[in-house]
Amino acid sequence: MALASLLALLTLSGYALLCMASPFANCRKCRGIGHKVVLDRKNRPKRDKICRRCKGRGKRLRVGRRLHNHSRAIHRDGTRAQRPTSS
């Protein structure tokens, strides 16, 4: 049981370090190209429509980084000092 907990902790900390070092990953749909590749009549590759998932950028934000950004926004909104209202 302790070994499984240690393994899970190491895996999560490794993923957290990966999200800090490289917050973007290749798009899963277009594999980082940004568009669909089709073959023309002469069997040569050519560009087709841009990827709708990544909007042609080829990158996506990792899930761990998205969670980190959301938790930072919640913390920032909760600890922001209230400005006094002048009446």
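Throughout, read-outs are computed from the coordinates displayed, never taken from laboratory work. Keep in mind that what you see is a predicted model, and the values were worked out from it rather than measured. Cβ placement follows ideal geometry from the backbone for every residue including glycine, while neighbour counts extend to all protein chains displayed.
Tabulated data
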quantity: Stretchable slack from Ser13 to Ser71, in nm (0.36 nm times residue separation minus alpha-carbon distance); calculated: 19.2 nm
quantity: Degrees, to the nearest 10: 2-21 long Cα axis against longest axis of the chain; calculated: 70
quantity: Farthest positive-ward along the chain dipole, Cα basis, beta-carbon charges - from His75, Phe24, His35; calculated: His35
quantity: Note, ³J(HN,Hα) from phi for segment 65-70, Karplus 6.51, -1.76, 1.60, rounded to Hz, x at Gly and Pro; calculated: 6, 5, 5, 4, 4, 5
quantity: Listed residues Ala16, Ala25, Ala73, most fluctuating in the chain (Gaussian network, C-alpha, under 10 Å); calculated: Ala73
quantity: Under 13 Å, Cβ to Cβ, from Tyr15 - net charge with Lys/Arg +1 and Asp/Glu -1; calculated: +3
quantity: Residue-span extension gain [Ala4 to Asp48] - 0.36 nm each, minus C-alpha spacing; calculated: 11.2 nm
quantity: Spherically averaged projected area in nm², based on the convex hull that wraps the Cα atoms of the chain; calculated: 11.8
quantity: Long-range amide H partners of Cys27 with built H, under 5 Å; calculated: Gly32, Lys59, Arg60
quantity: Residue of Gly14, Gly64, Gly56 that the Gaussian network model of the chain assigns the largest fluctuation, springs spanning Cα pairs under 10 Å; calculated: Gly14
quantity: Among Leu18, Leu39, Leu67: highest mean-square fluctuation, GNM of the chain, C-alpha pairs under 10 Å; calculated: Leu39
quantity: Cβ-based net charge around Lys46, under 14 Å, with every Lys or Arg adding one and every Asp or Glu removing one; calculated: +4
